[in-house]
Amino acid sequence: MNYKLLLFGLCCVFALNVNGQHKKPVHIIFDSDMGPDYDDTGAITILHALADSGQAKILATMASTKYEGVAGVLNVFNIYFRRPNIPVGVPKEYALDLRDFQHWTDTLLAKYPHKIKSNTDAWDAVKLYRKILASQPDKSVTIVTVGVLTNLSN
């Protein structure tokens, strides 16, 4: 059983008001080690479904790893789910270079449209965090991390 995906789903349920009577969407920054395994694809898909239903507003998608192409992969998902303008951040300094050994991310980049062609085209994750959080009221943003805590540590 994939416990990270289960934990993400449970966090979303509680964050989005368990009685189903949400008043406004929860503002979320999604931070992921997209690539080494598949749990992140399920998590970002659930997040976009919650945004489609009006329960969540995705403020940014962040990569906590920095293998070349990770920013493009996040952009593929955002474009696929009709949110091409969601900013993408990647670590510009220290981060793990965890790439998927099955090369599913390379397949996504080869077969699906994406505006971000290289990690250099993406925001610095820490700068993007600071920009978004500074523009939002205190305690109004939920940070969902699936994977390593590189960006939060930085």
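The values are calculated or read from the model by the stated rules, or taken from the named source; none is laboratory data. Note that the coordinates shown come from a computational prediction; the quantities given were computed from them, not determined experimentally. Note that we place each Cβ from the backbone using ideal geometry, even for glycine, and neighbour counts take in every protein chain shown. Note: accessible area is taken over every heavy atom of the protein model, side chains too, but ligands, DNA and RNA are not part of it. Shrake-Rupley method; radii C 1.70, N 1.55, O 1.52, S 1.80 Å.
So, in region 103-133, exactly how many residues are among the hydrophobic types (A, V, I, L, M, F, W, C), open to solvent by 70 Å² or more (accessible area, probe 1.4 Å) and within 11 Å of residue 76 (Cβ to Cβ)?
The qualifying residues number 1.
Kindly establish whether residue 76 is under 16 Å from the mean Cα position of the chain (by Cα) and either in a loop (DSSP other than H, G, I, E, B) or within 17 Å of residue 43 (Cβ to Cβ) (or both).
So residue 76 passes the test.
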